[in-house]
């Protein structure tokens, strides 16, 4: 029995999910099966939005499968990575009984989805070392085995830590938890990392799920397009837990355009610019008085500790620069997360920090 079959909620094993009108439509040319309007809205010039969209648009799935180097049946497209996280919790955590493992400080939606579902969250804190934050995967495996957790979330590159988790260490984690827990590796920022995706490993590991998104490097945050990648059996399980029609037609059209060769080439150029800017901004920040530490980052952001984080935050806001205040997160009571923007954005941010830092020092 596969890991997914072993962990799927017992009450969902015979659950087929919602069967939409698009799921069972025939090849007819007069569609009267979904109670849609007979005519398009006047604001919908090309009439694309009159019909319900395909639950999993074939052209987009094939394009994404080609991009990630996997079979199309090994991915699920949804409304951002958030939806993928949510359906994983729904499928593999019984309401009020399930357990997940996370490594804070980390992306908050893992815990939010679990707690909204009544699942327990076991936290294995990141270890703050000289080289940056490190996920303690051995401790996470121990926590999962001791608690009976069904899902272990590993964020790589880490948000907000910037950590790139070693692939060999993740493979060892997968092996330890085989048949016992599913390891979800969130690769929202992997395009910015000096490492390739773990997606090709799904063929060898039935307990691996890789999350990808078009929100970051592909600059389609408002389109809300996320992908879960796993063996087809697991994908079929979580698809049954997904709400009907998750992919709005305009978002699908936009995504297909963004995945054309010319657009992908432009995306690569933008990523290269972000990497150059990340190195430059990191070096400059480290020299600003009042900056205690700039963590290395494999993402398109930097985690920065300040002697006076409140003063730095206010100085940035007064200059019209908005960054992410991380001070409410564990271990980060003096930290801000700064996204790498355009060169002119980065220069404005640095200029806003200099006087505030000098004053604090």
GNM top mover of 44, 11, 308 - the chain, alpha-carbon springs below 10 Å = 44
If one compares the long axis through the Cα atoms of helix 261-286 with the longest principal axis of the Cα atoms of the chain, the angle in degrees, nearest 10, works out at 30
Computed E for residue 48/residue 16 - FRET, C-beta separation, R0 25 angstrom, nearest 0.05 = 0.30
Principal axis dimensions, the chain - Cα atoms, whole angstrom, descending = 72, 55, 33
Using alpha-carbon coordinates, inclination of helix 137-147 to the longest axis of the chain, degrees | 50
MRE, 222 nm, helices only [DSSP H, n ≥ 4, -39500 (n - 2.57), over the chain, to nearest 500] = -11000 deg cm²/dmol
What residue among 138, 29, 166 has the largest mean-square fluctuation in a Gaussian network model of the chain, using Cα springs under 10 Å?
-> 29
Footprinting exposure proxy for 133, 153, 15, 107 (fewest neighbouring C-beta atoms within 10 Å first) = 15, 107, 133, 153
What does the convex hull of the alpha-carbon atoms of region 89-157 project to on average, in nm²?
-> 4.4
On the formula 1/(1 + (r/R0)^6), with r taken between the Cβ atoms of residue 167 and residue 39 and R0 of 41 Å, the FRET efficiency rounded to 0.05 is 0.15
Report relative contact order for region 10-102 in percent, whole number only (criteria: Cα-Cα under 8 Å, sequence separation at least 6).
-> 18
For a label point 7 angstrom out from the Cα of residue 236 toward its Cβ, which stretches of region 2-16 have the backbone nitrogen within less than 15 Å?
-> 2-6, 8, 13-16
Mean Cα-pair separation over length for the chain, i.e. relative contact order, pairs under 8 Å, 6 or more apart, % = 18
Under 1.5 on a/c is rounded, so check that first for region 64-192, then, if it is not, pick prolate when a/b is larger than b/c and oblate when it is not; a ≥ b ≥ c are the square roots of the alpha carbon gyration tensor eigenvalues.
-> rounded
At q = 0.19, 0.25 Å⁻¹, what base-10 log of I(q)/I(0) does the Debye formula yield for region 263-360 when every alpha carbon is treated as an equal point scatterer in vacuo?
-> -0.86, -1.40
Residues of region 320-339 with amide N under 12 Å of a point placed 7 Å along Cα→Cβ from residue 292 = 327, 331-336
Among 37, 135, which comes first, then next, by fewest other beta-carbon atoms within 10 Å?
-> 37, 135
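Quick note: the coordinates plus some simple rules give every number you see, no bench work behind them. Note that the coordinates shown come from a computational prediction; the quantities given were computed from them, not determined experimentally. Here Cβ is always computed from backbone atoms with ideal geometry, including for glycine, and neighbour counts include all displayed protein chains.
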